[in-house]
Amino acid sequence: MRLWESRLALAATDATQVSDEITRFGWWLGSKKFPDDWAVNQAMRVLEVSRSLDPDFAVIETFAQFAPRFPYEAVHAARILFEEDREGWAIHGWGEHLRSILVQALNDGEKARKEATETIELLVSKGHRGYRTLLKSEN
């Protein structure tokens, strides 16, 4: 954990030097070998620095499992990954995990619910209209 924290600290001062390295934290996150609080915090810091976390499918799957405890972080991470996917294919590998994250966030506090609503609106605007039903079900 100290090794990772030192690499991330370096990235915060000069992201170009270790940007590819820090985006691979998704593998660490997905391993579930680290305390959940620490892993989620580190993943969010990576997203702040690089707006990328690989492999995205493993990140989304892991955040779907963390969503009951970290609903805002899960939906915020999913939104960033979706926004940064320039080819538009990543979401197709996320399966039901994204829907699970969105449902969890919609049923949480105001901050998570707002992020989920904005994420769903973004998804729908990009052609993923099936997520619109999540907004209708919350009314």
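Give me the angle, in degrees from 0 to 90, between the Cα long axis of helix 56-66 and the longest principal axis of the Cα atoms of the chain, rounded to the nearest 10.
70 degrees
Taking amide H positions as placed 1.01 Å from N in the peptide plane, with prolines and chain starts having none, which residues 5 or more places from R24, or on another chain, fall under 5 Å of its amide H?
D54
Starting from 0.36 nm per residue, how many nanometres of slack lie between R51 and D85 once their C-alpha separation is accounted for? Don't skip to the answer; put the middle values down first.
Working: separation 34, 0.36 × 34 = 12.24 nm, distance 1.00 nm.
Full extension from R51 to D85 adds 11.2 nm.
Could you pull out the pairs from K33/K126; K32/K114; K111/K136; K32/K126 whose alpha carbons sit more than 30 Å apart here? List each step's numbers first, then the result.
Working: K33/K126 35 Å; K32/K114 28 Å; K111/K136 19 Å; K32/K126 32 Å.
Check vs 30 Å cut-off fails for K33/K126; K32/K126.
If I stretch the segment between K126 and Q17 completely, what's the gain in nm (0.36 nm per residue apart, minus their alpha carbon distance), one decimal?
Values: separation 109, 0.36 × 109 = 39.24 nm, distance 3.28 nm.
Gain in length upon complete extension: 36.0 nm.
With the full set of protein chains in place, find how many percent of the accessible area of the chain is carbon and sulfur; take the probe as 1.4 Å. Working shown, then result.
Values: 3690 of 7560 Å².
Taking all protein chains in place, the chain shows 49 percent carbon and sulfur surface.
Taking θ as phi - 60°, what are the ³J(HN,Hα) couplings along region 29-38 by the Karplus curve (6.51, -1.76, 1.60), each to the nearest whole Hz, with x for Gly and Pro?
Working through the residues one at a time gives 4, x, 5, 6, 9, 10, x, 3, 4, 5 Hz.
List, in order, the whole-Hz ³J(HN,Hα) value for each residue of region 74-84 obtained from phi through the Karplus relation with A = 6.51, B = -1.76, C = 1.60 and θ = phi - 60°; use x for Gly and Pro.
Computed from phi, the couplings for region 74-84 are 4, 6, 5, 4, 4, 4, 4, 4, 5, 4, 8 Hz.
Report P(r) for the chain: all Cα-Cα distances, bin width 5 Å, range 0 to the bin holding the largest distance, values in whole percent.
With 5 Å bins starting at 0, P(r) equals 2, 11, 21, 23, 19, 12, 8, 3, 1, 0.
For region 15-123, which GluC sites (Glu not before Pro) pass both filters: DSSP loop (anything but H, G, I, E, B) and at most 16 other C-beta atoms within 10 Å?
Values: sites: E21, E48, E61, E73, E83, E84, E87, E96, E110, E115, E118, E121; in loops: E87.
When the GluC sites (Glu not before Pro) of region 15-123 are filtered for loop state and at most 16 Cβ neighbours within 10 Å, E87 remain.
Please work out the average accessible area per residue across the chain, using the 1.4 Å probe convention, and give it in Å². Please list the in-between numbers first.
Details: 7560 Å² over 139 residues.
With the other protein chains kept in place, the chain gives 54 Å² per residue.
Counting other C-beta atoms within 10 Å, and keeping those with at most 16, which DSSP coil trypsin sites (Lys or Arg not before Pro) do you find in region 1-90?
Working: sites: R2, R7, R24, K32, K33, R45, R51, R69, R79, R86; in loops: R24, K32, K33, R51, R69, R86.
Those that pass, being in a loop and sparsely packed, are R24, K32, K33, R51, R69, R86.
Among T133, T13, T23, what's the order by accessible area (1.4 angstrom probe), most exposed first?
Working: T133 75, T13 115, T23 10 Å².
Order by accessible area, largest first: T13, T133, T23.
Could you give the C-alpha radius of gyration of region 78-139 expressed as a fraction of 2.2 N^0.38 Å, taking N as the number of residues it contains? Numbers along the way, then the final one.
On the way: Rg = 11.0 Å, N = 62, 2.2 N^0.38 = 10.6 Å.
Scaled against compact globular proteins, the figure is 1.05.
Taking every alpha carbon pair in region 1-61, what does the distance histogram look like in 5 angstrom bins from 0, in percent?
Each 5 Å bin holds this share of Cα pairs: 4, 21, 34, 26, 12, 3.
What 222 nm value per residue comes from the helices of the chain, counting each DSSP H run with n ≥ 4 as -39,500 (n - 2.57) and dividing by all residues, nearest 500 deg cm²/dmol? Provide the component values of the computation, followed by the final result.
On the way: 9 runs with 102 residues, N = 139.
After summing the helix terms and dividing by the residues of the chain, the value is -22500 deg cm²/dmol.
Please find, in a Gaussian network model of the chain (springs between Cα atoms separated by less than 10 Å), the residue of G109, G93, G30 whose mean-square fluctuation is greatest.
Among G109, G93, G30, the largest mean-square fluctuation in the Gaussian network model of the chain belongs to G109.
If I model a spin label at Q65 and R99 as a point 7 Å from the Cα along the Cα→Cβ vector, what separation in nanometres do I get?
With each label point 7 Å from Cα toward Cβ, the separation is 2.1 nm.
On a full-extension model of 0.36 nm per residue, what is the gain between W27 and N41, subtracting their alpha-carbon distance, rounded to one decimal in nm? If you can, show how the numbers build up before the last one.
On the way: separation 14, 0.36 × 14 = 5.04 nm, distance 1.47 nm.
Taking W27 through N41 to full extension adds about 3.6 nm, to one decimal.
The values are calculated or read from the model by the stated rules, or taken from the named source; none is laboratory data. Given the structure is predicted, the values throughout are model-derived calculations rather than measurements. Please note: Cβ atoms are built from the backbone with ideal geometry, for glycine as well, and neighbour counts cover all protein chains shown. Just so you know, the surface numbers come from the protein's heavy atoms only, side chains and all, with ligands and any DNA or RNA stripped out. Shrake-Rupley method; radii C 1.70, N 1.55, O 1.52, S 1.80 Å.
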